[in-house]
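The values are calculated or read from the model by the stated rules, or taken from the named source; none is laboratory data. The shown structure was predicted, so the numbers you read here are calculated from the model rather than taken from an experiment. Cβ placement follows ideal geometry from the backbone for every residue including glycine, while neighbour counts extend to all protein chains displayed.
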Amino acid sequence: MKVVVWDGEQKRVIGRADVPLTAGPVLEVPLFGAASTIIEKYTIGTMTVVRGSEPPSVERVIELATGQPPELLPGWSALAS
């Protein structure tokens, strides 16, 4: 699933994470292993994507809050710059 941040007035893709498209509206990631009671919550939202002359499509994405670390997401991979 794509990972996005708010960049002014639009969402900007910054990477990908191994999160299934069937994930609920909130993804909870344990900070210290599966038995951890301390978790980081990530919001699953949508983003409209326009590709040239094709009709717009809607994709599910992970929306990061300000200062939220993407590195904790399972299978996190930043986009190449």
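Considering segment 21-68, the qualifying strands (runs of 3 or more DSSP E), each wholly inside and each with 3 or more residues that are under 15 Å from Met1 (Cα atoms) and polar (S, T, N, Q), run over 39-49. Among the residues of segment 30-56, those that are modelled with pLDDT of 90 or more and in contact with a helix residue (DSSP H, G or I) (Cβ under 9 Å, 6 or more places away or on another chain) comprise Glu40, Tyr42. Here Leu64 passes the criteria (1) modelled with pLDDT under 90; (2) under 10 Å from the mean Cα position of the chain (by Cα) except the one numbered (1). The residues of segment 8-38 that are within 12 Å of Glu63 (Cα to Cα) and touching a Leu at 6+ places or on another chain (Cβ under 9 Å), listed by number, are Val13, Ile14, Gly15, Arg16, Ala17, Leu27. Being loosely packed, with under 10 Cβ neighbours inside 10 Å, in contact with a strand residue (DSSP E or B) (Cβ under 8 Å, 6 or more places away or on another chain) and not polar (S, T, N, Q) holds for only one residue in Gly33, Gly67, Gly15, Gly24, and it is Gly24.
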